[in-house]
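The structure appears right after this line, and notes come after that.
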Amino acid sequence: MSGATLTRRLTLEAAVETQDGAGGRVAAWRALGAVWAEVRGVSAFERFWGEAGGSRLSHRITVRWAPFGAAARPAAGQRFREGERLFAILGVTEADPHNRFLICWTEEGRAA
C-alpha cells in the first residue's frame with residue numbers, strides 16, 4: 001500500500017458502562033478523538049430473522065498508524081462515528097511494514 005487518501009473525519013468511540021440509577025448498568029459511548037480516514041465499501045448483505053430483516057454493510061477503513069496502547073489506535077469492540085453513521089470495528093491490522101497506516105475491518109448498521 002503506497003498511501004491512503006484520508007479525507008473523511010471520523011470520531012473514534014469506546015463503550016463505557018454507567019449506572020442507570022436503578023441498580024443496573026447501561027452502555028454508553030465516549031468519544032476518544034477524531035481521526036482522518038479513507039472509507040471503502042467491501043460488501044453488502046441482508047439477513048432475515050423471521051419477519052424482520054436487515055442489511056449490513058462492511059467497510060475497510062484506513063487510518064494513520066498508532067502504537068499499541070495509544071488512545072488513537074482503534075481496537076475491536078470500539079466504533080467510528082460519522083454523523084449518524086456508525087461503523088463497528090471488528091478487527092484492526094497494520095496495512096504496511098513501515099507503520100504508516102492501519103486497516104480497520106468494520107460493519108455499518110451493527111449496534112456495536
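Numerical summary
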item	result
Count of the range 4-46 residues which are without any contact (Cβ under 8 Å) to a residue 12 or more places away in the chain and either among the small types (Gly, Ala, Ser) or part of a loop (DSSP other than H, G, I, E, B) (or both)	5
Filter result (surrounded by 15 or more Cβ atoms within 10 Å (Cβ to Cβ) and over 24 Å from residue 45 (Cα atoms)) within the range 86-112	95, 100, 101, 102
Filtered residue count, the range 1-39, keeping only those that are under 18 Å from residue 104 (Cβ atoms), among the aliphatic types (A, V, I, L, M) and loosely packed, with under 10 Cβ neighbours inside 10 Å	0
Cβ-Cβ under 6 Å pairs, at least 6 apart or on other chains, the range 69-93 side within 12 Å of residue 29 (Cα to Cα), far side surrounded by fewer than 18 Cβ atoms within 10 Å (Cβ to Cβ) and β-branched (Val, Ile, Thr)	81/11
Of residues in the range 55-85 being of a type in the set (A, V, I, L, M) and at pLDDT 95 or above, the one surrounded by the fewest Cβ atoms within 10 Å (Cβ to Cβ)	76
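The values are calculated or read from the model by the stated rules, or taken from the named source; none is laboratory data. Computed from a prediction, not measured in an experiment: that's the story for all the values here. Ideal geometry is used to build each Cβ from the backbone, glycine not excepted, and the neighbour counts take in all protein chains shown.
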